[in-house]
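Heads up, the thing below is written out as structure tokens.
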Amino acid sequence: MFARKPSASGANPVRRRIGEQVAARLDANPAVTAAGVANVQAYYQLDFLDAAQCAMLMAVIDAGRRPSTLLSDKADSDFRTSESCDMDRYSPDIRPIDEAIADLLGIPADQGETMQGQRYAPGQQFRAHHDYFHDSESYWAGMQKSGGQRTWTAMIYLNDVAEGGATWFPQAGFKVAPRAGMLLAWNNMNPDGSPNLLTLHEGTAVVEGTKYVVTKWFREGRWTRY
């Protein structure tokens with residue numbers, strides 16, 4: 001009998017357990033604060049990175065930036081207009097930060113995708129989307145082979161932004177303004193391990209200044225390109 005591949009949309013005990021374990025770890029960390037958002041597990045830590053680390057990551061992004069891509073069958077060219085940079089997780093500068101994020105959440109490092117940097121110039125944005133994968137999209141079969149569903153997202157803001165650039169969760173009703181060094185983490189799943197529709201979020205357009213962030217997504221299984 002063949003093992004049944006996990007669905008993207010239903011309740012799932014593996015994802016449920018990951019959510020419970022990460023939330024318990026973050027709740028027990030005095031440096032971490034629960035965001036207090038109804039029906040979404042979201043947390044933040046101020047000053048997760050210091051000024052020197054933020055400056056280093058911004059320089060890496062500037063040196064390696066390219067037009068951001070989108071994993072979707074439907075979105076138009078204006079949906080995500082930022083620039084991105086895939087970090088070298090084995091670099092002596094990047095690896096300690098990459099692994100510190102995994103350690104903060106208590107998720108094995110090999111379940112984390114490569115950390116990605118993003119740069120938003122004035123007018124650039126990332127319209128409302130979910131970080132979890134949809135099984136109605138053509139990419140899902142490939143994602144099942146490379147670690148499965150995304151569970152937690154960790155985002156670190158690398159600089160303050162003069163105006164705009166907030167991360168907005170319109171259905172959950174909260175908005176986070178960029179603050180240098182702050183880490184924001186949220187569970188893309190519901191308590192039962194099914195995708196949480198309320199995690200729909202948007203990188204709102206920068207009005208003045210340039211926004212830099214790094215994002216790390218975690219899978220339910222081992223990410224095969226680790």
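The values are calculated or read from the model by the stated rules, or taken from the named source; none is laboratory data. Predicted model only: the values in this text are computed from it and were never measured. All Cβ positions, glycine included, derive from the backbone under ideal geometry; neighbour counts span all protein chains shown.
Could you list, in sequence order, the residues of segment 196-219 that are crowded, with 19+ Cβ neighbours inside 10 Å and in contact with a Lys or Arg (Cβ under 9 Å, 6 or more places away or on another chain)?
G203, T204, K211, Y212, V213, W217, F218, R219
I'm trying to understand the selection: among the residues of segment 167-224, which are among the aromatic types (F, W, Y) and part of a strand (DSSP E or B)?
First, pick out the residues of segment 167-224 that are among the aromatic types (F, W, Y): 168-169, 174, 186, 212, 217-218, 223.
Listed by number, the residues that qualify are W168, F169, F174, W186, Y212, W217, F218.
Under the condition of being in contact with a Leu (Cβ under 8 Å, 6 or more places away or on another chain), modelled with pLDDT of 95 or more and not hydrophobic (A, V, I, L, M, F, W, C), which residue from segment 44-87 is farthest from S136 (Cα to Cα)?
Step by step, filter segment 44-87, then rank; the result is Q45.
Among the candidates D103, D86, D98, D110, which residue alone is of a type in the set (D, E) and within 14 Å of C54 (Cα to Cα)?
The conditions single out D98.
Cβ-Cβ below 6 Å, separation at least six or inter-chain, first residue in segment 125-150 and in contact (Cβ under 8 Å) with a residue 60 or more places away in the chain and over 21 Å from V14 (Cα atoms), second of a type in the set (A, V, I, L, M) and buried (at least 17 other Cβ atoms within 10 Å of the Cβ): which pairs?
Partner pairs satisfying both residue conditions: Q125/A205.
Specify which of the listed residues (F169, F174) is under 21 Å from G36 (Cβ atoms), surrounded by fewer than 20 Cβ atoms within 10 Å (Cβ to Cβ) and in contact (Cβ under 8 Å) with a residue 12 or more places away in the chain.
Testing whether each residue is under 21 Å from G36 (Cβ atoms), surrounded by fewer than 20 Cβ atoms within 10 Å (Cβ to Cβ) and in contact (Cβ under 8 Å) with a residue 12 or more places away in the chain leaves just F174.
Quick grid of which residues meet (1) assigned to a loop (DSSP other than H, G, I, E, B); (2) surrounded by 16 or more Cβ atoms within 10 Å (Cβ to Cβ); (3) among the small types (G, A, S):
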{"position": "C85", "(1), (2), (3)": "no, yes, no"}
{"position": "R89", "(1), (2), (3)": "yes, yes, no"}
{"position": "P92", "(1), (2), (3)": "yes, no, no"}
{"position": "Y132", "(1), (2), (3)": "yes, yes, no"}
{"position": "E137", "(1), (2), (3)": "yes, no, no"}
{"position": "M143", "(1), (2), (3)": "no, yes, no"}
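Return yes when T210 is over 25 Å from A52 (Cβ atoms) and β-branched (V, I, T) and no when it is not.
When the stated conditions are applied, T210 does not pass them.
List pairs: first residue in segment 20-35 and at negative phi, second residue modelled with pLDDT of 95 or more and assigned to a helix (DSSP H, G or I) anywhere in the structure, Cβ distance under 7 angstrom, at least six positions apart or on different chains.
Within 7 Å, the pairs are V22/L105; R25/L105; V32/L26; A34/D27.
Can you tell me which residue is farthest from Q125 (Cα to Cα) among those in segment 177-195 that are buried (at least 18 other Cβ atoms within 10 Å of the Cβ) and hydrophobic (A, V, I, L, M, F, W, C)?
So the residue we want is M189.
Would you tally the residues in segment 97-119 being small (G, A, S), more than 27 Å from A63 (Cα to Cα) and in a helix (DSSP H, G or I)?
Qualifying residue count for the region: 0.
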